[in-house]
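To start, the structure itself, in structure tokens.
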Amino acid sequence: MIKRGKGLAISYYGTGYGNGYPDVSNAIVRLNKDGKVSIFVGGTEVGQGAKTVFVQIAAETLNINIEDIILYSEDTINTPDAGTAAASRQTYNTGNAIKLACEKFIEELKAKAKEILNLDSTEGLIVSDSNVYLNSSKNDKVSFLEIASNVKNGFFESQASFTAHTVEMDVETGQGEPYWPYTFSACEVEVEVNTLTGIVNIIHARFAQDVGKAVNPRMIEGQIDGGFYMGQSYCLFEDLNIVDGKIMNNKYSKYLLPTSMDTIDIDKIIIEDPESTAPFGAKGIGEPVTIPVAPAILNAIYDAINVRINELPATPDKIISALKKVKSEDQL
Amino acid sequence: MINLKINVNNTDYEIEIDEEKRLIDLLRDELRLTGVKEGCSEGECGACSVILDGKLVNSCLIMAFQVNDSKVVTIEGLSEGDNINYIQKAFIEAGAVQCGYCTPGMILAAKAILDKNPNPSREEIRMGISGNLCRCTGYEKIVEAIELAGGYLNGTKTYRE
Amino acid sequence: MELKHIGNSIDRIDSLAKVTGKAMYPQDYYVDNMLYGKTLRSIYPFAKINIDTREAQNLPGVIRIFTHNDVPNNAHGVLHKDQLVFCKDIVRRIGDPIAFVVAETEKICEEAIEKIKVQYEIMKPVLDPIEAMKEDSIKIHGDSNIVYHFKLRKGDALRALEESYFVATNTYKTHSIDHAFLQPEAGIGYLDENGNIAVIVATQYPHYDREEIAYCLNLPIENIRIINSNVGGAFGGREDITLQVHLALAAKTLNRVIKCVYSREESFLAHSKRHAMIMNYSTGVDKEGYLTAVKAEIIGDTGAYASWADNVLRKAGVHATGPYIVPNVMVDSYAVYTNNPYAGAMRGFGATQVAVAYEQQMDILARELKMSPVEIRLKNILKVGSITSTGQLLNNSVPLENCLRSVTE
Amino acid sequence: MKVYKSNSVEETLEILKSAPKSKIISGGTDLIIELRNHNSDVDYLVDISSIEELKKIEKVNDEYIIGSAVPFSDILNFKFPDNLKGFVNALNQIGSPQIRNRGTIGGNLANASTSADSAPVLLALDAKVGISTGDFEKEVSMTDFYDFIGEGLYHGIITYIKFKEIPLNSYLSFEKLGYRKSLAISKLSISTNITLNENFEIEKIFVASGAIGKYPMREYEVESKIISQPLNENIIQLSIETMKEIISERLKGRSSLNYKLSAIEYVLRSCLEESIQYFKRC
């Protein structure tokens, strides 16, 4: 009645719009009057953690405190276009744009510091903790605040644009370099299938996600949890039930999403292998964390009951009719 | 229109409201307590959860006139300014927040759990938030947050500096 | 290089606002004397329509009813401008917007919608993508229902399959699903202090919304401003236009603040879905368990509108062979119009659907060869220096083996 | 629409009589959805959730008496003996914590849904339902309840539900099948109430089902086949076969038939095996 099975699936995912479609993110870094730094970028926080990632990348590049960065990402009136928050492209594309803008900004700061400190070169200047120092003598320094007070007209700011490298594929053969970078995932689940009710319980799950470099490990874990959830839900629960073009399950009482009692804790493994074209090696993972889940569950179901579910969703009634079909075929 | 008296987040109100309005309409449209979220309007998602006379309820499934002389706590009642309570703290620290739309309801569900039992098991926590849907987190970090909050409450954990 | 901030699990910078209930989503904005808007939508999947708003317009409290007559450029869409701000004489799916009522209260909006007369001349809908692909099918847009066809060719897949030790041939079907983000669509339209049209909305791509509004209303983009509030989940479902143009049009015409909030049911009707796919796969393997060839035909039902269909079916096609080295490949993926709910972006963008097929195929091959699922995968996976099915050299970060071993060892 | 928070049963009944399109609201967990979907033509809502006499739960001698407006969570706070575990299980699986905090046992019965989770256990307990209208007060057996109220309960209200405690050699079990573990609508449910004699034979048996007919109902055929028999694997099988025949007949032509035919085996077996476990412990 209760059968156990294990299932494995691996997958990969090419980041971005791809195929030579212009995949551009822009960012602006500006020095505020109070010595803090504003980042202006049109990338959207949809819950994935983009804002936090942007700030971490900026803080790292500028070598300043998180609290000294003010992020503006909501209003088109003051933010440059950073593309869509989709295709797992914000960390990679917009992250790169922010990093580039911050690097330019550092050069601008050094040039300004050279002027203020009466140096003959920007050589040996380092930026750290909202100050520009001369490496050889810590006394020769100028703070961001002082630089800000030296700005007479307009803004002290830098702007950068990043375009992902992709190439349009050959129309007849599809050969080419459609996406970059690729991100890899693996998932193994163990399930219990009730052969009378068709209910599938996931009793154990492990998920390994290549992240390039983890910007914020806890947020990555949150993405893996959520991606697994959505994969599980896609495979076993959600069903719009479209009949004659009409969505029959058009409310939450009919369109079933798993509750907290239908999910389990997942073993999460973050695999780091920095990607050299990515900001600090970090790849986007928002989508990859969903992809191998459904096939891993389907493979586990097969392992448990020797029945292939070729058609999603694997709802309890579908599993029962698939079992019945196999049974009657066996009897023939 | 009807008149009703209600205490929300320790403030007394006398409100004139349309007979057809629900508790959620009263809280959002009249009192502008927009931390009360509407996600499904049928008691499935729990985003509109509030604590009514000590009990966790869906404010979309209660008519406003029914709550005359009642006491309601919404997410806005848990903190003062940036001075947040231990559950809110735990949610931030455990990374239990993603898009944030389920968060107020989840935190109130957590409060309902912890008000009864400062030492809930993970199973009890999962049961306690099983009327609150979350589409982003897969619930695990939320369960962790409530466990952590329980630790703050029963003294086995101390606040992170 | 020592890193100070990268690699730290710092608290999310938006979490304080979210745990206190202070984070504002579009439905949380209230302005005194604001008006409400509500959309009249098609109830048939394919029909000619005729619309009469006169009676509704006379209802007390109704400010204005917008229809196709009010839109300078009545077309939008992320790739193909095949969607209408308001349908003019034909509806192509259940849920197509026909009119936008602006009134003093939501209740009056609902009453007005009841009073708008829509005459539907019902046509036979095309609901099966395979039927839709046929030459003699009824066409939903233009002269073909095939929006996009992606071809991937490497080596000689047909011959390699013939010569394979074993070939698994199976059909997989995945269904259409909804993003079901917890926050239903909502928005506020108004004119800002400079007279520009401002729309507060939860969107994945504010600059795209700005461009679409500018195009539809025939205004320079400088006159449009999108304020992207907090977004209550998206997953691909907030890439297309839903209420943005309606609100902008109403704000510009009326110079008032207009609010619109979708119910959960309307949210299901309004935004895109995950593409349902039919995937016919033949996967060949040699005696040792090395993949010889993959032949796949992938048909994606994009419903009444294309949205991101080309990119989704392209991504499906490119990823169709899985993270494996496959010497011979023949993939054809198609995006096809039907009168079903329209499909667009959703987490994984076509790559999610094909994994359902290629990973079950791998298990089937493994069982046939009496190999473990791990063993057959290890033999075929992409590594540093591997060439993908599109001929792309992977010369950077490719830790797939590490991922695979981590979950199985 | 008019609304009124009623203070007494009498007052409520008067309103119901004078306002033909009036409707009772208590927990509201079903009614408000109905109103929103415009499925209910109502011009007067009468709230009974504050009427004290409907909010009591008590044990009088060997009888549990539960006011119709008692929310499920309050019932669950009441101590029930071990052999009424099925009752507690049924209530614990209703909706979600929020729904259980508002939804009432009276409401669960009054809307006459075939999926009502509390109905099979109340049927298996041979519970009685107190009904008051302006004209009469009546105690209706659960087995007659659905016929009595027909399509709905007009001009009357349920005032209480009562059932007797069961002896130590009896056990009430309940099993529900839903597609989720919370917020689940019952696809199929069974409750059994079995009394064994000293020879471990079934002395008394109640079997009730949910979601396999227009209303929840007693399954007399199963009861009659297994009464006086020993409670063992053969009897479990016989019960399952009998239930399958009943379902085949009752759901003929329905798309859900095949699924429920399979699932009943699990649901009914779980109830009976749980009962056996109890008797073994005793």
Check A:Asn241 against each of (1) touching a helix residue (DSSP H, G or I) at 6+ places or on another chain (Cβ under 9 Å); (2) more than 8 Å from chain C (Cβ to nearest Cβ); (3) at positive phi and name the one condition it does not meet. (1)
Out of segment A:294-332, which residues are among the small types (Gly, Ala, Ser) and under 20 Å from D:Ala263 (Cβ atoms)? A:Ala304, A:Ala314, A:Ser321, A:Ala322, A:Ser328
When segment A:195-213 is checked residue by residue, the ones that are surrounded by fewer than 24 Cβ atoms within 10 Å (Cβ to Cβ) and either facing chain B (nearest Cβ under 9 Å) or closer than 17 Å to A:Tyr182 by Cα (or both) are A:Lys213
Of all residues in segment B:113-141, how many are out of contact with any Pro (no Cβ under 7 Å at 6 or more places or on another chain), among the small types (Gly, Ala, Ser) and at negative phi? 1
Out of segment D:4-23, which residues are part of a strand (DSSP E or B) and within 12 Å of another protein chain (Cβ to nearest Cβ)? D:Tyr4, D:Lys5, D:Lys23
So, in segment D:120-171, how many residues would count as being among the acidic types (Asp, Glu), part of a loop (DSSP other than H, G, I, E, B) and without any contact (Cβ under 8 Å) to a residue 60 or more places away in the chain? 2
Among the residues in segment B:82-95, are any within 24 Å of C:Asn230 (Cβ to Cβ), within 14 Å of chain D (Cβ to nearest Cβ) and of a type in the set (A, V, I, L, M)? no
Going residue by residue through segment D:214-230, is there one that turns out to be touching a Lys or Arg at 6+ places or on another chain (Cβ under 8 Å) and of a type in the set (Gly, Ala, Ser)? no
Could you list, in sequence order, the residues of segment C:363-375 that are assigned to a helix (DSSP H, G or I) and more than 10 Å from chain A (Cβ to nearest Cβ)? C:Leu365, C:Glu368, C:Glu375
Among the residues that make up segment B:33-55, is at least one of them of a type in the set (A, V, I, L, M, F, W, C) and either more than 23 Å from C:Ser229 (Cβ to Cβ) or surrounded by fewer than 16 Cβ atoms within 10 Å (Cβ to Cβ) (or both)? yes
Give the number of residues within segment C:15-29 that are part of a loop (DSSP other than H, G, I, E, B) and either more than 7 Å from chain B (Cβ to nearest Cβ) or surrounded by fewer than 20 Cβ atoms within 10 Å (Cβ to Cβ) (or both). 3
Filtered residue count, segment C:376-393, keeping only those that are more than 8 Å from chain A (Cβ to nearest Cβ) and either modelled with pLDDT under 95 or part of a helix (DSSP H, G or I) (or both): 4
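Inside segment A:140-174, can you point out the residues that are part of a loop (DSSP other than H, G, I, E, B) and either of a type in the set (A, V, I, L, M) or assigned by TED's automatic domain parsing to the domain that holds A:Cys102 (or both)?
If the condition is that a residue be part of a loop (DSSP other than H, G, I, E, B) and either of a type in the set (A, V, I, L, M) or assigned by TED's automatic domain parsing to the domain that holds A:Cys102 (or both), then A:Val151, A:Ala164, A:Val167, A:Met169, A:Val171 are the ones that fit.
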Neighbours by Cβ (under 6 Å, 6+ apart or cross-chain): first from segment A:214-238, at the interface with chain B (Cβ under 8 Å from one of its Cβ atoms) and buried (at least 24 other Cβ atoms within 10 Å of the Cβ); second in a helix (DSSP H, G or I) and acidic (Asp, Glu): A:Asp225/B:Glu140
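Which residues, taken from segment B:75-102, are over 14 Å from D:Gln98 (Cβ atoms), in contact (Cβ under 8 Å) with a residue 60 or more places away in the chain and crowded, with 24+ Cβ neighbours inside 10 Å?
B:Ile87, B:Ala90, B:Tyr101, listed by residue number.
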Just the residues that are more than 33 Å from the chain's Cα centre (by Cα) and among the hydrophobic types (A, V, I, L, M, F, W, C), please, taken from segment C:370-394. C:Met371, C:Val374, C:Ile376, C:Leu378
Out of all the residues in segment C:45-56, is one or more more than 29 Å from the chain's Cα centre (by Cα), on the phi > 0 side of the Ramachandran plot and buried (at least 16 other Cβ atoms within 10 Å of the Cβ)? no
Could you check, for segment C:245-254, whether at least one of its residues is within 21 Å of C:Val31 (Cβ to Cβ), within 14 Å of chain B (Cβ to nearest Cβ), out of contact with any His (no Cβ under 9 Å at 6 or more places or on another chain) and surrounded by 24 or more Cβ atoms within 10 Å (Cβ to Cβ)? no
For segment C:76-93, does any single residue satisfy the condition of being under 30 Å from A:Glu221 (Cα atoms) and within 14 Å of another protein chain (Cβ to nearest Cβ)? no
Of all residues being in contact with a Pro (Cβ under 9 Å, 6 or more places away or on another chain) and part of a strand (DSSP E or B) in segment A:189-206, which is nearest to A:Lys3 (Cα to Cα)? Just the residue, please. A:Asn194
Residue by residue through segment C:309-323, note down the ones that are more than 8 Å from chain A (Cβ to nearest Cβ) and buried (at least 24 other Cβ atoms within 10 Å of the Cβ). C:Ala309, C:Val312, C:Leu313, C:Ala316, C:Ala320, C:Thr321
Residues of segment A:273-321 classified as touching a residue at least 24 places away in the same chain (Cβ under 8 Å), within 22 Å of A:Tyr13 (Cα to Cα) and assigned to a loop (DSSP other than H, G, I, E, B), total: 17
Does C:Ala112 satisfy being among the small types (Gly, Ala, Ser), more than 24 Å from C:Thr338 (Cβ to Cβ), outside the structural domain of C:Leu313 (by TED's automatic domain parsing) and not in a strand (DSSP E or B)? yes
A:Ser161 is checked against (1) polar (S, T, N, Q); (2) away from every other protein chain (no Cβ under 14 Å); (3) surrounded by fewer than 16 Cβ atoms within 10 Å (Cβ to Cβ) and fails just one. What number does that condition carry? (2)
Can you tell me which residue in segment C:382-391 is surrounded by the fewest Cβ atoms within 10 Å (Cβ to Cβ), limited to those that are farther than 21 Å from C:Met330 by Cβ and of a type outside the set (D, E, K, R)? C:Gly385
Please tell me if A:Ala97 is small (Gly, Ala, Ser), crowded, with 24+ Cβ neighbours inside 10 Å and at pLDDT 95 or above. yes
Counted residues, segment A:244-272 - those being acidic (Asp, Glu) and at the interface with chain C (Cβ under 9 Å from one of its Cβ atoms): 3
Kindly check whether there is at least one residue in segment D:212-226 that is surrounded by 15 or more Cβ atoms within 10 Å (Cβ to Cβ) and within 16 Å of A:Ile320 (Cβ to Cβ). yes
Would you check which residues across segment A:164-188 are within 20 Å of A:Thr84 (Cβ to Cβ) and either surrounded by fewer than 19 Cβ atoms within 10 Å (Cβ to Cβ) or aliphatic (A, V, I, L, M) (or both) and list them? A:Ala164, A:His165, A:Glu168
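The values are calculated or read from the model by the stated rules, or taken from the named source; none is laboratory data. Owing to the predicted nature of the structure, the values given are computational and were not obtained by experimental measurement. Glycine gets a Cβ as well: all are built from the backbone with ideal geometry, and neighbour counts include every protein chain shown.
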